[in-house]
Every structure is written in C-alpha cells, then in structure tokens.
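What follows is a single structure, written as structure tokens, with notes after it.
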Amino acid sequence: MEGTPIRILVIEDDDELRRVLVTLLEAEGYLVTAAEGGSQAVQAAHRSGFDLVVADIRMKGMDGLEALEAIQTEQPDVRSLVVAGYSTEADSIRAIRLGVSDYLTKPFRLDSFLDAINAIVAKRRRELEKRAERDRLRTTLL
C-alpha cells in the first residue's frame, strides 16, 4: 500500500492558489488533478477515482461542497479537505454532514496545508491497508 500513489483532486477557482497547491502536492509525490470549478471537478471524478478532494467552498456556479457531495455519490470513500476564505454557519453544517476530514480557513500557511493533507493521507493509507488485509484473509478462507 505504501507505494500506491495517492490521487488528489484540487477544486479552486483562484488560478494562482490552484497552481501553488498543485505544485506543492506534486512535489510531495501526489498525483494531482486540478479543477477551476465544481462542475469541472465532478466531470474529472466521472473519469477517475480520487483518494482526496481539496475543495474551496465559495465559487461561481457549483460550489465546492456541492461538488464534493456529487463526487461522494460515486466515490463514497473519498476523503476531503475544505478550504474557505469566507464561510457561513450553514456552510460549516453542510461540511460536517458531508463528513469533511479537515477544514482550513484562508489565508493558511502552506505547512499547515501539507500537515492536514499528510494526516488525511496517512489515515486513508491505514484504511486501504486494513481493507487489503481483510480481502486477503477472505480469499484465504474461501
């Protein structure tokens, strides 16, 4: 499991921030797909599976939480990190209901962002390892 690349979808409408996040994550060895909006992100999720979605909340059209909800219908095991410059109590409640793994407020430090990503990824890897072990055990027993 350790060698399996983690696939991350970054949904961010700010071109500069999106570029920085993608560059940072790729430098850490993650496979990254970028989307500038919610609809584009959902289309990307139709084409490929992801381990983690990083989503900005406030965007024109489909917001990040709407996109995350749509992605979760197809990929229920996907983990998520929400980043928001401004959010309402309703947004926070929606995020909790969606089971968001972590939440960062803009502006955030890049090391805080990476710490959050790495914590989510470590948990995801443990889940994948447990699932693989269960599958191996099931196969052995059958």
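The values are calculated or read from the model by the stated rules, or taken from the named source; none is laboratory data. Note that the structure is a prediction, hence the values are computed from the model and not measured. Every residue, glycine as well, gets a Cβ built from its backbone with ideal geometry; the counts of neighbours run over all protein chains shown. All accessible areas refer to the heavy atoms of the entire protein, side chains included, with ligands and DNA or RNA removed. Shrake-Rupley method; radii C 1.70, N 1.55, O 1.52, S 1.80 Å.
A compact table of results
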{"quantity": "Of the criteria (1) of a type in the set (S, T, N, Q); (2) under 11 Å from the mean Cα position of the chain (by Cα); (3) more than 23 Å from ALA119 (Cα to Cα), which one GLN40 fails", "calculated": "(2)"}
{"quantity": "ASP51 vs. criteria touching a residue at least 40 places away in the same chain (Cβ under 8 Å), crowded, with 20+ Cβ neighbours inside 10 Å and in contact with a Lys or Arg (Cβ under 6 Å, 6 or more places away or on another chain)", "calculated": "yes"}
{"quantity": "Residue within the stretch 3-16 that is in contact with a Phe, Trp or Tyr (Cβ under 8 Å, 6 or more places away or on another chain), in a loop (DSSP other than H, G, I, E, B) and among the β-branched types (Val, Ile, Thr) present", "calculated": "yes"}
{"quantity": "Qualifying position, being within 26 Å of GLU129 (Cα to Cα) and open to solvent by less than 30 Å² (accessible area, probe 1.4 Å), among LEU25, LEU31, LEU21, LEU65", "calculated": "LEU25"}
{"quantity": "Count of the stretch 74-120 residues which are within 16 Å of PHE50 (Cα to Cα), assigned to a strand (DSSP E or B) and either modelled with pLDDT under 90 or open to solvent by 40 Å² or more (accessible area, probe 1.4 Å) (or both)", "calculated": "1"}
{"quantity": "Residues located in the stretch 54-100, provided they are touching a Lys or Arg at 6+ places or on another chain (Cβ under 8 Å) and among the aliphatic types (A, V, I, L, M)", "calculated": "LEU65, VAL83, ALA84"}
{"quantity": "Residue that is nearest to VAL83 (Cα to Cα) [pool: residues in the stretch 17-55 that are of a type in the set (Gly, Ala, Ser) and assigned to a helix (DSSP H, G or I)]", "calculated": "GLY38"}
{"quantity": "Of all residues in the stretch 2-20 being among the hydrophobic types (A, V, I, L, M, F, W, C) and within 12 Å of the chain's Cα centre (by Cα), the one that is farthest from VAL121 (Cα to Cα)", "calculated": "ILE11"}
{"quantity": "Near pairs, Cβ below 6 angstrom, 6+ apart or cross-chain, from the stretch 14-26 (of a type outside the set (Lys, Arg)) to any residue that is crowded, with 17+ Cβ neighbours inside 10 Å", "calculated": "LEU21/VAL10; VAL22/VAL10; VAL22/VAL32; VAL22/ALA34; LEU25/ILE8; LEU25/VAL32; GLU26/VAL32"}
{"quantity": "Selection count, the stretch 121-142, where residues are open to solvent by 70 Å² or more (accessible area, probe 1.4 Å) and among the aliphatic types (A, V, I, L, M)", "calculated": "3"}
{"quantity": "Pair list, Cβ under 8 Å, 6 or more apart: the stretch 64-85 residue within 10 Å of ILE11 (Cα to Cα), other residue of a type in the set (Lys, Arg) and in a loop (DSSP other than H, G, I, E, B)", "calculated": "GLY64/ARG58; VAL83/LYS106"}
{"quantity": "Residue within the stretch 88-106 that is closer than 18 Å to VAL42 by Cβ, in contact with a helix residue (DSSP H, G or I) (Cβ under 9 Å, 6 or more places away or on another chain) and of a type in the set (Ser, Thr, Tyr) present", "calculated": "no"}
